[in-house]
């Protein structure tokens with residue numbers, strides 16, 4: 001029998017909202033801490049919501065940081081390749097939207113280079129703010 005939730009807003013919507021407002025990537029436990037006042041009390045709820053959002057292409061997991069960011073694409077979410085820059089100094093994450101770069105990477109399949117169906121590529125960089 002399904003449990004009735006006392007939450008007014010679905011955890012996925014809350015998590016996506018928090019990630020979109022955040023200036024930095026957030027871990028699942030940081031999200032849990034921010035959502036506790038709204039009634040989200042357990043890590044499995046957060047992880048299930050993150051998995052669902054990631055499958056939908058609405059969030060990206062930054063493996064190097066063990067954290068998540070909201071996808072900031074203005075277009076639809078049919079892209080299967082995301083390129084994220086991760087500053088080694090301040091941990092700021094930016095999503096690249098350079099069509100030429102994305103097209104070149106997608107064309108690797110033509111060279112018989114096996115790419116997964118969907119991929120997130122993380123490029124460690126030093127951002128302009130930290131380079132000064």
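Please treat every number below as a calculation from the coordinates, not as lab data. Note that this is a predicted model, so its numbers are computed, not measured. Methodologically, a virtual Cβ is constructed for each residue, glycine included, from the backbone with ideal geometry; neighbour enumeration extends over all protein chains shown.
Note on the chain: with a GNM built from Cα contacts shorter than 10 Å, the maximum mean-square fluctuation among 103, 122, 54 falls on 103.
In the chain, the DSSP beta bridges split such that about 55 percent are antiparallel, to the nearest 5. Its DSSP H runs of at least 4 residues, each contributing -39,500 (n - 2.57), put the calculated 222 nm mean residue ellipticity of the chain at -9500 deg cm²/dmol, to the nearest 500. Could you state, as a whole-number percent, how many of the C-alpha pairs of the chain are farther apart than 25 Å? Of all Cα-Cα distances in the chain, 34 percent exceed 25 Å. Computed from the Cβ-Cβ distance with R0 of 30 Å, the FRET efficiency linking residue 96 to residue 132 stands at 0.90. Extending 7 Å from Cα along the Cβ direction at residue 112 and again at residue 8 yields two label points whose distance is 6.0 nm.
Per-residue Cβ neighbour counts within 10 Å put 126, 15, 113 in the sequence 113, 126, 15, beginning with the fewest.
Measuring r between the beta carbons of residue 41 and residue 63 and using R0 = 30 Å, the FRET efficiency lands at 0.65.
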